[in-house]
Amino acid sequence: MKLSNKTKVLEQGEMTLAERMYLPAIVGGMATTLKHFFSKPVTIRYPEQKRYLGPVYRGQHILKRDEAGAERCTACGLCAVACPAEAISMVAEERKAGEESLYREEKYAKVYEINMLRCIFCGLCEEACPKEAIFLRHDTMVPVFHQRDEVIWGKDKLVEKMDHRYLRDGWK
Amino acid sequence: MKVTIDNITLEVEPGTTIMQAARMIGPEIAPPAMCYYEPLKGTGGKCRGCLVKVTAGSEKDPRPMPKLVPSCITTVQDGMIVENTINEQVLETRKGIVEFLLLNHPLDCPVCDQAGECHLQDFSFEHGVSSTRTVEERNTFEPVDLGPYIKLNMNRCILCYRCVYAADQLTEGRVHGVMHRGDHAEISTYIEKAIDNDFSGNVIDVCPVGALTDKTYRFKSRVWFSKPEDAHCDCDKCSGNVTLWYRGDEVIRVTGRKNEWGEVKEFICNTCRFERKKTSDWVIEGPTKIARHSVISANKYGANLIKPSFPIKQAALAYKPIDDDRDRSFLPAKKSLPSSEKK
């Protein structure tokens, strides 16, 4: 059945002797293969060897602490409402007296979860955050997960560790 | 009486204010209101957010009014011409008004429970500037518990007096009011006396900002994560018509039903507001209609959105059938357009 009038019928003529022997074509292919033995490979051996990700790469999420070590996130929910993949959820809690060194604002996130299967690493949460709390690290990628319960990242994985702080170029 | 607002002329009853006339046209024309609250008598004229330009006072005296007038307390006169959104002076003044209202207002919207349904947020988003020029210290107060249900954050108050009028007109004995004068003025109760009255919870609904908030809802959720449903119950104290705010299957907040101006017409009692927080207490009527631009409609995919009526009306008025007299004889008969058949 003809769907359109655009089809063209190719007429192939009789093959020449060289073409019928196939040998010149095989030798030409071998030469191409041989050439690649001596050129620089375009791939890298990924898990052992890593590429430079660039200063604006959007990798693993981190919930920053401020200079004194208090959590910046105040569970305002703007990251969650900005998230196009609806990957973020949170539960807020009121800060009690005596917890001022732990949480910077009156309210903090008791639970903060990111579903890494849903996340598309667009960085809109980082843009929406009014408290400069959530960032996508430029130097770390989210590791591969093998179990379903590794997929949802809670505060234990997201909050910045004080002995391993995250800094970007341009931050003081 | 004939009144023209932003080049749109309409007939209104004598005694109508400019604000009410503008609201008849639609939300695109209506000036913003921070202190004016239609169901409460005597409100308005305090925040100056609704200032408009009157370019012709009336038919008999068509001189313009020398200064901008507050539209919520100025009644219309026959032949009055008002400019709201099309007047440069009005828009410039509103920037100043926002700046004044935000003089002492903290920027704690990420913490505040009102964020998302806050009139001051809307007002400053639409009319304000994005930067601040003040370097002075803001007035700060400690948050106060007014009884077991209401939290007063005086920092956020813009002194609109709505709650004072609400308490005056809804309850028998008002125990809170405005203390001190000028820059020191603050909403307070007599020696922090607890408000215990059946209708005291309505001050939460009338508050345009997050100064008076529901303690039972405090930090439970953000407004845009909860899903509003209209519901009613048999209540011997009030009408029982409320809006339930759901998170999942859980009622996290009960408020009065707000109309498109954010005003509650039927005030509800404290039993309905604070104690009936089970779905079994209520008869659900269906999802609340939410304006399309509201953040509350975010991530809700229902067909319960209010589409903006004014542009739809304008588009219908401006619609002209296409004058298409091209030769269509080569088309099969069944494919001819319905508009050409009418001709």
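Bear in mind these aren't lab numbers, they're just calculated from the coordinates by the rules spelled out. All figures in this text were calculated on a predicted structure; none of them were measured in a lab. Here the Cβ is made from the backbone with ideal geometry for all residues, glycine too, and neighbour counts use every protein chain on show.
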Per 10 Å bin, what percent of the C-alpha pairs of region B:125-183 does each bin hold, from zero upward? 16, 41, 29, 13, 1
Choice from A:TYR103, A:TYR52, A:TYR112 with maximal GNM fluctuation in chain A (Cα, 10 Å cutoff): A:TYR52
Considering only B:LEU68, B:LEU107, B:LEU159, give the residue with the highest GNM mean-square fluctuation for chain B, with springs between Cα atoms whenever their separation is below 10 Å. B:LEU107
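Taking a ≥ b ≥ c as the square roots of the Cα gyration tensor eigenvalues, with a/c under 1.5 meaning rounded and otherwise prolate when a/b beats b/c, else oblate, which class fits region A:61-158? Walk me through the intermediate numbers first.
Numbers: a/c = 1.72, a/b = 1.62, b/c = 1.06.
Prolate, since a/c reaches 1.5 and a/b exceeds b/c.
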Is the C-alpha gyration tensor of the protein assembly as shown telling us rounded, prolate or oblate? Criteria: a/c under 1.5 is rounded; beyond that, a/b larger than b/c is prolate, otherwise oblate. oblate
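Taking K and R as +1 and D and E as -1, what net charge do the other residues with C-beta under 14 Å from the C-beta of B:THR17 add up to?
Details: positive: B:ARG23, B:LYS41; negative: B:GLU13, B:GLU38.
Net local charge, B:THR17 excluded: 0.
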Percent of alpha-carbon pairs separated by more than 26 Å within chain B: 57 percent
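State to the nearest 20 debye the size of the charge dipole of chain A about its Cα centre, where the only charges are +1 on K and R beta carbons and -1 on D and E beta carbons.
Here chain A has a charge dipole of around 660 debye.
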Treating the angle as unsigned and between 0 and 90°, give the value, to the nearest 10°, between the Cα long axis of helix A:23-37 and the longest Cα principal axis of chain A. 30 degrees
So in chain A, which Cys have no other cysteine's beta-carbon sitting under 4.7 angstrom from theirs? A:CYS73, A:CYS76, A:CYS83, A:CYS119, A:CYS122, A:CYS129
Comparing B:GLU11, B:GLU38, B:GLU83 in a Gaussian network model of chain B (Cα, 10 Å), the one with the largest mean-square fluctuation is B:GLU11
Can you list the lysines whose alpha carbon sits under 30 Å from that of A:LYS161, skipping same-chain ones fewer than 8 residues off? A:LYS50, A:LYS64, A:LYS96, A:LYS107, A:LYS110, A:LYS131, A:LYS172, B:LYS220
Could you sort out which of B:LYS46/B:LYS215; B:LYS215/B:LYS277; B:LYS215/B:LYS300; B:LYS215/B:LYS289 sit more than 19 Å apart by Cα distance in this structure? B:LYS46/B:LYS215; B:LYS215/B:LYS300; B:LYS215/B:LYS289
For chain A, what is one quarter of the convex hull surface built on the Cα atoms, given in nm²? 20.5 nm²
Just to be sure I understand: of the beta bridges DSSP finds with both ends in region B:2-101, what percent are antiparallel, rounded to 5? 75 percent
